[in-house]
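The structure under discussion appears below in the form of structure tokens.
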Amino acid sequence: MTLVDTNVLLDLVTDDPVWADWSIRQLDIAAIKGPLAINGVVYAELSVRFERIEALEKVLAESGIALEEIPRAALFLAGKAFQRYRSAGGIRNGVLPDFFIGAHAAVAGLPLLTRDVQRYRTHFPSINLIAPQT
């Protein structure tokens with residue numbers, strides 16, 4: 001199973017001129033290896049691009065993407081990672097969702113398909129990232 005980050009799915013639904021082809025190709029490759037999944041955080045972030053829940057559900061079903069619950073151990077790890085981030089002087093506001101996603105991948109031992117490499121590598125170095133070559 002591969003956990004998919006919001007940015008990859010947004011590339012798909014917005015037909016991003018820079019990233020859509022890469023994201024589609026990576027989703028196809030990951031789907032050949034096994035199931036694709038998101039968690040509730042990705043679902044919520046992605047939902048802002050849809051007027052109706054049925055439209056979002058249709059995209060997920062057509063893409064073969066399942067919704068997985070975040071394990072409690074991952075929720076705890078996300079909180080601790082966020083605490084370390086703030087203690088180290090981190091000031092960005094929108095980071096907590098990424099900590100939930102990264103901790104989920106780390107605890108479940110899932111590869112994470114993303115374009116947001118730096119934050120995940122910094123806070124969850126053990127995650128197997130499927131990401132653009134930098």
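The values are calculated or read from the model by the stated rules, or taken from the named source; none is laboratory data. For clarity, every value in this text was computed on a predicted model and none was experimentally measured. Please note: Cβ atoms are built from the backbone with ideal geometry, for glycine as well, and neighbour counts cover all protein chains shown. Note: accessible area is taken over every heavy atom of the protein model, side chains too, but ligands, DNA and RNA are not part of it. Shrake-Rupley method; radii C 1.70, N 1.55, O 1.52, S 1.80 Å.
Of note:
- Local electrostatic count at Leu75 - Lys and Arg +1, Asp and Glu -1, tallied over other residues with Cβ under 15 Å: -1
- Cβ-placed point charges (K, R +1; D, E -1), dipole of region 1-77 about Cα centre in debye, nearest 20: 220 debye
- The chain, relative contact order [Cα under 8 Å, separation at least 6], %: 29 percent
- Under the span-like rule (Cα at least 27 Å along the axis, Kyte-Doolittle mean at least 0.0), DSSP H helices of the chain: none
- Accessible surface comparison of Ile24, Ile101, Ile130, Ile32, probe 1.4 Å, protein chains only, largest first: the order is Ile32, Ile24, Ile130, Ile101.
- Gyration tensor over alpha-carbon atoms, the chain, equivalent ellipsoid semi-axes in Å: 24, 16, 15
- Ligands, DNA and RNA left out, the 1.4 Å accessible surface of the chain is 54% carbon and sulfur atoms.
- Rounded accessible area per residue of the chain, 1.4 Å, Å²: 57 Å²
- Top positive-direction residue, dipole computed over the chain with Cβ charges, set Leu9, Ala61, Gly102: Gly102
- Applying a DSSP loop filter and a limit of 10 other Cβ atoms within 10 Å to the trypsin sites (Lys or Arg not before Pro) in region 8-97 leaves Arg52, Arg92.
- Solvent-accessible area of Ser63, all protein chains in place: 40 Å² (probe radius 1.4 Å, heavy atoms, ligands and nucleic acids excluded).
- Between the alpha-carbon centres of region 1-32 and region 77-117 there is a gap of 20 Å.
- On the beta carbon distance between Gln133 and Arg92, with R0 = 25 Å, the FRET formula returns roughly 0.50.
- Solvent exposure of Val117, expressed as accessible area, is near 20 Å², computed with a probe of 1.4 Å over the protein chains only.
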